[in-house]
1. Using a probe radius of 1.4 Å on heavy atoms only, what accessible surface per residue do you get for the chain? Whole Å² is fine.
2. For ARG37, what charge total do you get from the other residues with a beta carbon under 14 Å from its beta carbon, if Lys and Arg give +1 and Asp and Glu give -1?
3. For the chain, find the longest principal axis of its Cα atoms and tell me its angle to the long axis of helix 132-165, 0 to 90°, nearest 10.
4. To the nearest 500 deg cm²/dmol, what mean residue ellipticity at 222 nm is calculated for the chain from DSSP H runs of n ≥ 4 alone, each contributing -39,500 (n - 2.57), summed and divided by the residues?
5. Which three lengths, in whole Å and largest first, does region 54-148 cover when its Cα atoms are put on their principal axes?
6. Which percent of the accessible heavy-atom area of the chain goes to carbon and sulfur, probe 1.4 angstrom?
7. Taking a probe of 1.4 angstrom, what is the accessible area of ARG196 in Å², to the nearest 10?
8. Give me the percent relative contact order of the chain, please, defined on Cα pairs under 8 angstrom at least 6 residues apart.
Amino acid sequence: MPAAHHNLTIPDHKMLRAEAEREVKEELGVIARPDERFKRGCEIVQQADLEIAAHTEERNQAALSLWFYEGIRGLDKVLGILPNAYSEMRRIALHGDKKATINPGGDLKARMTAEERRRAAEKAGVPYIEDAADRLPSLAATVSVATARRKAAMPFLYDVTLVLTEEPYEWTTDRIAAHGDVTPAYVRNLKSRANRRRGR
């Protein structure tokens, strides 16, 4: 018997991401002073990183629980990720290797039975999460928004980092880092990426 397709709410990831990116671009775009734009950009990225770190694992565990223990298919759309990325997530959960097959005996046409999926999940330490179906859409939306906010802020950080190193500012790496509450290594990486974006 084939696994059940989900009836979970699918967040409108495209709309959520577009709205999050627009908000960040509007907010950073109106900050005239480069030092203040840098500081706010760093805050946005740091907040996004915290949210991604706090919710991605929980999101993934909910999706894995639904697939392995309940046989729910088609969760990539709820997660807001590509089917290949979702397949890799399951392979890593079972084998720690995104390229390993999860099909029985390595047969590409064979599929695990419900019992085989449950046994494999238990052996790999994939937890069963009671309220996974209730929590997954909201967790997935939170990660999508945070990822989009981060993505929108980064080009501002690249550009403004270079501005602060040039005339009339000529700030040192250490001064820029202290202002944004980041490490000098982070600032050096921003400068390097910014220079590559400019074709230097």
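1. Working: 11450 Å² over 200 residues.
For the chain, the per-residue accessible area is 57 Å².
2. Around ARG37, the charge tally is -2.
3. Compared with the principal axis, the helix lies near 20 degrees.
4. On the way: 8 runs with 138 residues, N = 200.
Mean residue ellipticity, 222 nm, calculated: -23000 deg cm²/dmol.
5. 39, 26, 21
6. On the way: 5870 of 11450 Å².
That share works out to 51 percent.
7. For ARG196, the solvent-accessible surface is approximately 140 Å².
8. Details: 235 pairs, mean separation 68.2, N = 200.
Over the chain, the number comes to 34 percent.
The values are calculated or read from the model by the stated rules, or taken from the named source; none is laboratory data. What you see is a predicted model, and the numbers here were worked out from it, not measured in a lab. FYI the Cβ positions are ideal-geometry reconstructions off the backbone, even for glycines, and counts take in every protein chain you see. For the accessible areas, the whole protein counts, side chains as well, though only heavy atoms, and no ligand, DNA or RNA atoms are used. Shrake-Rupley method; radii C 1.70, N 1.55, O 1.52, S 1.80 Å.
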